[in-house]
Amino acid sequence: MIKILKFIWLGAIMLVCASSVFAQGTDTVAITLKDAWDIALSKSLTVMVADKEIEKTGYEKKGAYASLFPNVAFSGNYQRTIKKQTMVMKMGDVSQKISMGTDNNMSGGFSASMPLVNVALWRSLDISGMGVDLAVEKARQSRQDLINQVEQAFYTCLLASDLCNVYKENYSNAEENYRQTKAKYESGRVAKYDMIRAEVNMQNAEPNVYDSQNSLMLALWQLKALMGVNLNTNIKCIGSLSDYTYQMYQIVMAADTIDLSKNSTLKQLDIQEDILEKTYKMQVAQYYPTLAATAQYNWVSMSNDFKIAHYDWNPYSVAALSLQIPIFSGLQRLNNVRQVKVQQQQLELQKENARRGLIVAAKQSLSSLETALKQYKAAEATLEGATTGYDIAKKMYEVGRATILEVNDAQLALLQSKLNLHQAVYSYLTAKSSLDLVLGVERADKEMFGKGDQMQPARQLIIKKEESTSAE
C-alpha cells in the first residue's frame with residue numbers, strides 16, 4: 001500500500017511539472033551541434049562586442065589617415081579696446097599724446113595646414129592599420145572560445161541524456177527482477193530474503209533516475225545560457241554519444257609535431273610584436289626633421305562704432321613652410337626608444353611562455369585522447385561480457401541455479417560497463433574539443449564531425465518562438 005501511495009505521489013508531481021512545461025510552451029526544438037553553434041554565434045553578446053570592437057578600430061584607422069590631408073578651418077575674432085594705446089611725440093619743447101587704434105577690431109578668415117614630411121606620423125598610420133588586424137583576431141578568438149564552450153555543453157547534454165537512459169534501463173531491469181522474485185516468493189520457490197534484496201536493489205536504482213533527469217535539465221540550461229536563448233525554450237539535443245564514436249579513430253598526431261600556427265593567442269602576440277616593431281621605428285623617427293605647409297586668407301576690419309557702413313574689410317593672405325629640426329628634448333626621445341625596446345623583450349618572453357603552456361595543454365589533450373580511446377576499447381569489451389553475464393545470470397535465476405545476489409552483481413556490472421563506455425566517449429570528445437581550441441581549428445573544419453544537418457531549421461524555430469514570446 002505504501003508503494004502504491006508513493007507512485008501516486010510521484011505521478012502527481014510529474015503531472016504538475018508537465019503542466020508547468022506546457023504552460024511555458026509545448027513546442028520542443030530539436031537541435032544539432034551545428035544548430036547550437038549557429039544560434040550561439042548569432043545571439044552571443046560576447047561576439048557582438050568583439051564585432052563592435054572591429055568596427056570601432058576601423059573608424060580609428062580612418063581617423064588616423066585623416067591627418068595626411070589638409071586641415072582647413074575658419075576662425076573669427078572680435079576685440080574691444082578698453083583703453084587705447086597712447087604714443088607720446090615730442091616736437092621741440094612741446095609733447096603731444098596721440099591715442100592709437102580703434103574701439104572695435106574684427107578679423108576672420110580661413111587657415112589650412114598639411115604635413116609634407118613627417119616620418120613619425122607615417123609610422124603611426126601603420127600602427128593604426130595593425131590595430132584593426134588585432135581586433136579581428138580577438139573577435140576570431142571570441143568565436144572559437146564560444147564554439148568550444150557550446151560544443152562541450154552539447155556533449156554534456158548528450159552524456160546526461162545517455163546516462164538517464166542507462167539508469168532508466170537499469171531501473172526497469174531491477175523492477176522486472178523484483179516482480180519475478182516476488183512471484184517466486186509467493187509460490188514458495190525462493191526465500192523472503194531474496195524478495196527483500198530484489199526490492200532494495202530496485203529502490204536503490206530509483207534515485208539514480210531522478211538524479212540523472214536533474215543533471216540533464218541542468219545541462220540543457222547551461223547549453224541554453226551559452227546559446228543566448230530563453231531558458232524557458234524547450235530544446236532537445238539530437239543523437240547520442242555513440243553517434244560520435246567514429247571520430248575516436250580519426251585523430252593521429254604525434255606530441256612532437258604539434259602545429260600552433262593557427263592558435264589565436266600566438267597570432268595576437270605576433271601582431272603585437274609587429275605593432276611594437278612599428279612603434280620602435282616611430283619613436284626613432286622622432287629624431288627626424290618635419291616639414292609642414294600652412295596657408296591663411298583673412299579679412300581685418302576696424303571701427304569706432306557698430307555701423308556697418310564704417311567697416312572696411314581688408315583681406316590679406318599668407319603661405320609658409322615650417323621646418324622643424326629636433327635638437328634636444330631632455331633625453332625624452334631616447335628614453336621612449338629604450339622603453340619600447342624593453343616592451344619588445346617582455347613580449348618575446350610572454351610569447352615563449354605562452355607557447356610552452358599551449359604545448360603542454362596540447363600534449364595533455366593528446367594524452368587524454370589516447371587514454372579515452374583505451375578506456376573506450378576496454379569498456380566496449382567489458383560491456384559485451386557484462387551483457388552476456390547478465391543474460392546468463394537471469395536465465396540461471398529463472399531455473400533456480402543462481403541466487404538473487406548473483407543477478408544483482410551481474411546487473412551492477414552491466415550498469416558500470418555502460419557508464420564507463422559513455423564516459424569514455426564523452427572524455428574523448430571534450431579532450432578533442434580542447435585540443436581544437438589550442439590548435440585554433442576553424443569551425444568549418446569541425447563541422448565535418450557533425451551529424452543531423454537535416455535539422456538545420458531549428459535556429460529559425462527558436463528565434464521565431466522567442467520573438468512571439470516577447471510580443472506577448
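The values are calculated or read from the model by the stated rules, or taken from the named source; none is laboratory data. Here the structure is a predicted model, which means the values were calculated and not measured. Cβ coordinates were reconstructed from backbone atoms using ideal geometry, including for glycine residues, and neighbour counts include every protein chain displayed. With ligands, DNA and RNA removed, areas are computed over all heavy atoms of the protein, side chains included. Shrake-Rupley method; radii C 1.70, N 1.55, O 1.52, S 1.80 Å.
For the reader, a short list of remarks on this structure follows.
- In this structure, the pairs whose alpha-carbon distance is over 19 Å, taken from Lys262/Lys446; Lys236/Lys374; Lys182/Lys394; Lys52/Lys446; Lys52/Lys281, are Lys236/Lys374; Lys52/Lys446; Lys52/Lys281.
- Rounded to the nearest 10 degrees, the angle from helix 332-398 to the longest Cα principal axis of the chain is 10 degrees.
- Per-residue ellipticity at 222 nm computed for the chain from its helices equals -23000 deg cm²/dmol, with DSSP H segments shorter than 4 residues left out and the rest contributing -39,500 (n - 2.57).
- Value of relative contact order over the range 347-417, rounded to a whole percent, pairs C-alpha under 8 Å and six or more apart: 30
- Think of each Lys and Arg Cβ as +1 and each Asp and Glu Cβ as -1; about the Cα centre, that makes the dipole of the chain roughly 1140 debye.
- In this structure the range 162-250 gives 51 Å² per residue of accessible area when probed at 1.4 Å with all protein chains present.
- A straight Cα-to-Cα reach below 14 Å connects Lys84 with the aspartates and glutamates Asp103, residues fewer than 8 places away in its own chain not being considered.
- Rounded accessible area per residue of the range 297-354, 1.4 Å, Å²: 80
- If the segment from Leu231 to Phe69 were pulled out straight at 0.36 nm per residue, it would be longer than the present Cα-Cα gap by 53.0 nm.
- In the chain, taking the dipole from charged Cβ atoms about the Cα centre, the farthest positive-side position among Thr181, Ser42, Phe306 is held by Phe306.
- Here's the picture: charge each Lys and Arg Cβ at +1 and each Asp and Glu Cβ at -1 in the chain, and of Gly92, Thr371, Val342 the one pushed furthest to the positive end of that dipole is Gly92.
- Among the listed pairs Lys43/Lys138; Lys138/Lys351; Lys184/Lys418; Lys61/Lys138; Lys278/Lys341; Lys168/Lys418, those beyond 20 Å (Cα-Cα): Lys184/Lys418
- Shape call, the range 219-355: gyration tensor on alpha carbons, a/c limit 1.5: oblate
- Against the chain, whose longest principal axis comes from its Cα atoms, helix 404-439 is set at around 20 degrees.
- The chain, relative contact order in percent, only Cα pairs under 8 angstrom and at least six apart counted: 25
- Between the range 311-346 and the range 56-107, the Cα center-to-center distance that results, in Å: 24
- Estimated dipole of the range 96-230 in Debye, rounded to 20 [Cβ of Lys and Arg +1, of Asp and Glu -1, Cα centre]: 120
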